[in-house]
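> Right, I'll just put the structure down here and ask away after.
The numbers here are math on the coordinates, done by the rules we state, and not lab data. Bear in mind the structure is a predicted one, so any value in this text is a computation, not a measurement. With ideal geometry, Cβ positions are generated from the backbone for all residues, glycine too; neighbour counts draw on all protein chains shown.
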Amino acid sequence: MSIHANASSRAFVPDETNTRLLRDAFGRFATGVTIVTTATESGVSAITASSFASVSLSPPLVLWSPDKKSRRFSHFECATHYAVHVLSADQDELCWAVAKDVNALNNRNLQLNAEGVPVLENCLARFECTKTAAYEGGDHVIMLGQVNRAQMREDGDPLAFYKGQMGSFTAD
């Protein structure tokens with residue numbers, strides 16, 4: 001049995017000469033968008049991440065994967081606690097601000113959780129975590145965290161990332 005689609009497709013073997021093509025293929029997977037925060041000696045460190053996933057309900061575990069080349073990577077590599085914020089569609093400006101500016105959250109009046117991690121309000125969901133492991137993953141590191149506390153909104157649409165662009169997704 002074969003399934004034929006009307007759309008064209010392109011097959012390739014990923015290697016160093018076509019990383020852009022592989023990145024574009026990865027971009028065909030629609031994801032939510034998160035901001036991960038932690039506290040540093042110099043203030044708040046925040047990074048945007050679409051590489052977030054639930055791992056386990058018991059114990060409650062999540063993962064995310066920062067790029068080793070990120071200017072903010074060292075903050076999260078050293079952090080023992082962080083918070084993952086699942087963004088709503090109306091938080092796209094906040095997302096772009098954090099993506100572009102290392103200090104985007106330093107002038108905001110943020111609350112700190114019990115571990116001293118800055119937390120954002122009005123996200124669709126928030127997972128306050130203790131880092132339990134970090135695994136090498138090529139040019140990224142896979143951060144595994146145990147969820148200490150979670151919070152979620154009952155309303156709102158998610159901020160979505162697809163083919164290199166952000167937008168909203170509305171469920172029927």
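> Once you put a point 7 Å from the Cα of F26 and another 7 Å from the Cα of K100, both along the Cβ direction, what distance in nm separates them?
Here the answer is 2.4 nm between the modelled labels.
> Here is a further query. To the nearest 0.05, how large is the calculated FRET efficiency for T40 and D90 if R₀ is 30 Å and r is the Cβ-Cβ distance?
0.60
> Net charge near A150, counting Lys/Arg +1 and Asp/Glu -1 over other residues with Cβ under 13 Å of its Cβ?
+2
> Okay, next question. Normalised by the number of residues in the chain, what is the relative contact order in percent for Cα pairs under 8 Å and 6+ residues apart?
Computed over the chain, the figure is 26 percent.
> Right, another one. With point charges of +1 on the Cβ of Lys and Arg and -1 on the Cβ of Asp and Glu, referenced to the Cα centre of segment 32-161, which listed residue (S54, N103, G32) lies farthest in the positive direction of the dipole?
Looking along the dipole axis, the top candidate is N103.
> Could you tally the net charge around H140, taking each other residue with its Cβ under 11 Å from the Cβ of H140, Lys/Arg +1 and Asp/Glu -1?
Summing Lys and Arg as +1 and Asp and Glu as -1 gives -1.
> Can you compute the helix-only [θ] at 222 nm over the chain? Use -39500 (n - 2.57) per DSSP H run of at least 4 residues, normalise by all residues, nearest 500 deg cm²/dmol.
Details: 3 runs with 23 residues, N = 172.
Here the helix-only value at 222 nm equals -3500 deg cm²/dmol.
> Any idea how far apart K68 and V119 come out in nm if each label point goes 7 Å out from Cα toward Cβ?
For K68 paired with V119, the spin-label model returns 3.3 nm.
> Now for a different question. Quick one: which of 8-21, 57-70 comes out on top by average Cβ neighbours within 10 Å, and what's the full order, highest first?
57-70, 8-21
> With the Cα gyration tensor of segment 105-156 giving a ≥ b ≥ c as the square roots of its eigenvalues, does the rule (a/c under 1.5 for rounded; else a/b larger than b/c for prolate; else oblate) give rounded, prolate or oblate? Don't skip to the answer; put the middle values down first.
Values: a/c = 1.87, a/b = 1.61, b/c = 1.16.
Prolate.
> Right, here's the next one. Highest first, please rank the peptides 106-117, 83-94 by the mean number of other Cβ atoms sitting within 10 Å of their residues.
The most tightly packed comes first, giving 83-94, 106-117.
> Of all the C-alpha pairs in segment 25-78, what % are more than 12 Å from each other?
71 percent
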